[in-house]
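The values are calculated or read from the model by the stated rules, or taken from the named source; none is laboratory data. If you're wondering where the values come from, they're calculated on a predicted model, not measured in any experiment. So basically every Cβ, Gly included, is an ideal-geometry build from the backbone, and we count neighbours across all protein chains shown.
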Number of protein chains: 2
Amino acid sequence: MPSHVGGIDIGGTKVAAIVAGESGPLARRVMPTPKSGPIDTLPEQAIALLRQACQDAGVAESDLGMVGVSSCGPFVKDGGLIGLATPNICGAHSPGLPNDWEVIPLEAGLRRHLPAVRIENDCVAALVAERTFGAVVDEPDCVYVTWSTGIGFGFCVDGHVLRGKNGNAGHAGHMLISERQDAICGCGNRGDVEGLIAGRNLGDRLGMPTAELFAAARAGDAAALAHVHEAARWFGRALYDVTTCLDTRQFVIGGSVWLHHGEWLAPLVSEEIRRHFPALTDGVELRMTKLGNLVADLGALCLVLPDDWISAWRGTQPWSRLAPLPG
Amino acid sequence: MPSHVGGIDIGGTKVAAIVAGESGPLARRVMPTPKSGPIDTLPEQAIALLRQACQDAGVAESDLGMVGVSSCGPFVKDGGLIGLATPNICGAHSPGLPNDWEVIPLEAGLRRHLPAVRIENDCVAALVAERTFGAVVDEPDCVYVTWSTGIGFGFCVDGHVLRGKNGNAGHAGHMLISERQDAICGCGNRGDVEGLIAGRNLGDRLGMPTAELFAAARAGDAAALAHVHEAARWFGRALYDVTTCLDTRQFVIGGSVWLHHGEWLAPLVSEEIRRHFPALTDGVELRMTKLGNLVADLGALCLVLPDDWISAWRGTQPWSRLAPLPG
């Protein structure tokens, strides 16, 4: 019986690897996301990183059982396995990058070295973490949403976490909700949720970085404030649209924009949801993420935690150890 | 052991009751949807209709086991049970109707007389029918959508049919996808899918009934044709938005607009889906309903059919008997 589990979190800018035992996380390593070299560079370096974390923790590789992987998407099927077609990493989808990768063979590359891997979209993994240890423990009808550089969702309906045909359920940041031609998303859409209000796009239309836009709004600049308020209403409209699809009860919200400005903006977002179709929106709740910046790492681990560890960790909350771990 | 099952289909204009035995449907009765009288008039009359169908079929009430109910929504919780808050039936939500009903106690009213009832939204039931006997038998990631007087959806993801906190999953006809203020939906929304293209709204903007609009478009009238093509693109955009949420593979499409014009409009709808985000939309298929106008009645029955009847009916297809049944 393997005595430990692993977690790998793959983002557009960094990759993290974690090793945990029954008592909690033991070691964590981080590196910048590799974006050049052969097409299997990312899985190979992620494996190397996980091995380093094992060494740091004094855990033999043979003692590692399941490894959970939380990754940015979208995923595509690649010989029956999960491949990554992520615009932030794959040069074939974003001309500025130093590679010509079209589909990274993520699952094939990891399975070459690891006995048992479970890969999920990062917001799906975050939702699993919030349902396991965070703001929606065991809630059957809930959604995780991150408002950050991009906008992503993880969905749970009737107690089932949704995956979809390729594991891309929850890509609702790419829902078209407006005809605005100046709201351009990295995927090419005009008028999708990300194009309208993702952190990487929000400041553009006023010609300033998004952080400055929020600072100006908070300082009372009228144009900045109007722009931020409009963004909050668009965000509420996106959550309303998701509610019509899923009949959701709780939204757990994270991501850098929300972590900094969520308390301030929540009333506007709620108001935008509630002013539509009361039979669908009555009782919908917004909750702040309880796991904050740990949600990605913990999401990867939560995909593979044994049930009896979960019960124990709910009491001891050992994930707080992740914060000061090196990297 | 009860030897028969029942089905009740509740729509905005008619209610149908069906009785079926192992060999197939035996009797069907239909009446206009009651819209006046005490607040439990609808469930009481539906029970009376089902009893008439039992008599027609020569089936004793005591031989009736489960009864499946397919109903228009939205549903609200009413003392822990399902209540109807349907704008087309409840006067409190639509001032023109001859009643002041706010929430019809549907489940409570039916349970007073029936031992075992399963109630689902009509498009959820239609999806179950299409997955049981229709165009998407056993497909895990599929959606039923009706383009008719209104627009409704039933969702299946990873093999789970979605219900949501009150059974309202799939109300994506009320997704806001446009800022057009002249696209007014019965729910009060401006710019939702129904407001833009539901049968009851589509002709309004050109000042003619929707059937005439389609006839003019087919006859080559340029304005009508442009309007219908635009509607098909909005419909495609709605299906694209659902795809981003659910990572769907198949859309099964029914409803009067699609039954009459689907073959003609399908290429435009497909094109609108495919021109967005290929990693999400590659491989998405549109299929015509296989059950057509029988999907509602059969949907109610499919909610409660024993597994061994399903296997047998797949061979004998006895639902074709429903078409010529009286009513």
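At a glance:
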read-out: Total residues in region A:282-293, condition buried (at least 20 other Cβ atoms within 10 Å of the Cβ) and either assigned to a helix (DSSP H, G or I) or of a type in the set (Ser, Thr, Tyr) (or both); value: 1
read-out: A:VAL128 assigned to a loop (DSSP other than H, G, I, E, B), β-branched (Val, Ile, Thr) and at pLDDT 95 or above; value: no
read-out: Some residue of region A:297-320 being modelled with pLDDT under 95 and within 20 Å of A:LEU162 (Cβ to Cβ); value: no
read-out: Test: B:PHE214 is among the aromatic types (Phe, Trp, Tyr) and either in contact with a strand residue (DSSP E or B) (Cβ under 8 Å, 6 or more places away or on another chain) or at the interface with chain A (Cβ under 10 Å from one of its Cβ atoms) (or both); value: no
read-out: Those residues of region A:124-152 which are within 11 Å of the chain's Cα centre (by Cα), under 12 Å from A:ILE253 (Cβ atoms) and within 13 Å of chain B (Cβ to nearest Cβ), in sequence order; value: A:VAL145, A:ILE151, A:GLY152
read-out: Filtered residues of region B:180-198 (kept if crowded, with 21+ Cβ neighbours inside 10 Å, under 20 Å from B:SER71 (Cβ atoms), touching a residue at least 24 places away in the same chain (Cβ under 8 Å) and more than 7 Å from chain A (Cβ to nearest Cβ)); value: B:GLU194, B:ALA198
read-out: Selection count, region A:130-168, where residues are out of contact with any Cys (no Cβ under 9 Å at 6 or more places or on another chain), among the small types (Gly, Ala, Ser) and within 15 Å of A:LEU291 (Cβ to Cβ); value: 2
read-out: Any hit, region A:235-249, residues being more than 22 Å from B:CYS185 (Cβ to Cβ) and either small (Gly, Ala, Ser) or in contact with a His (Cβ under 6 Å, 6 or more places away or on another chain) (or both); value: no
read-out: Among the candidates B:CYS54, B:CYS72, B:CYS156, B:CYS90, residue that is of a type outside the set (D, E, K, R) and crowded, with 23+ Cβ neighbours inside 10 Å; value: B:CYS156
read-out: Only listed residue being acidic (Asp, Glu), within 30 Å of A:GLY24 (Cβ to Cβ), in the same structural domain as A:ALA16 (by TED's automatic domain parsing) and without any contact (Cβ under 8 Å) to a residue 12 or more places away in the chain, chosen from A:GLU107, A:GLU61, A:GLU44; value: A:GLU61
read-out: Filter result for A:VAL19 (out of contact with any helix residue (DSSP H, G or I) (no Cβ under 6 Å at 6 or more places or on another chain) and assigned by TED's automatic domain parsing to the domain that holds A:GLY91); value: no
read-out: Test result for B:PRO115, closer than 30 Å to B:MET1 by Cβ, modelled with pLDDT under 95 and out of contact with any Pro (no Cβ under 6 Å at 6 or more places or on another chain); value: yes
read-out: Hits in region B:216-269 (condition: buried (at least 24 other Cβ atoms within 10 Å of the Cβ), charged (D, E, K, R) and in a loop (DSSP other than H, G, I, E, B)); value: B:ASP247
read-out: Pick from region B:54-104, criterion of a type in the set (Ser, Thr, Tyr) and more than 17 Å from the chain's Cα centre (by Cα), ranking: modelled with the lowest pLDDT; value: B:SER94
read-out: Qualifying residue in region B:60-72 (condition: touching a Ser or Thr at 6+ places or on another chain (Cβ under 7 Å), within 27 Å of B:ASP307 (Cβ to Cβ) and not aromatic (Phe, Trp, Tyr)); value: yes
read-out: Residue within region B:157-179 that is more than 10 Å from chain A (Cβ to nearest Cβ), touching a residue at least 24 places away in the same chain (Cβ under 8 Å) and among the polar types (S, T, N, Q) present; value: no
read-out: Number of the condition not met by B:GLU272 [criteria: (1) touching a Lys or Arg at 6+ places or on another chain (Cβ under 6 Å); (2) surrounded by fewer than 23 Cβ atoms within 10 Å (Cβ to Cβ); (3) under 24 Å from A:LEU84 (Cα atoms)]; value: (3)
read-out: Candidates B:GLY65, B:GLY96, B:GLY83, filtered to the one that is in contact with a His (Cβ under 8 Å, 6 or more places away or on another chain) and small (Gly, Ala, Ser); value: B:GLY65
read-out: Candidates A:ALA279, A:ALA266, filtered to the one that is more than 19 Å from A:VAL19 (Cβ to Cβ), of a type outside the set (Ser, Thr, Tyr) and either more than 21 Å from the chain's Cα centre (by Cα) or within 14 Å of chain B (Cβ to nearest Cβ) (or both); value: A:ALA279
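So that you can scan it fast, the table gives a plain yes or no per residue for (1) within 12 Å of chain A (Cβ to nearest Cβ); (2) modelled with pLDDT of 95 or more:
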| position | (1), (2) |
| --- | --- |
| B:THR210 | no, no |
| B:LEU225 | no, yes |
| B:ARG233 | yes, yes |
| B:THR244 | yes, yes |
| B:VAL252 | no, yes |
| B:TRP258 | no, yes |
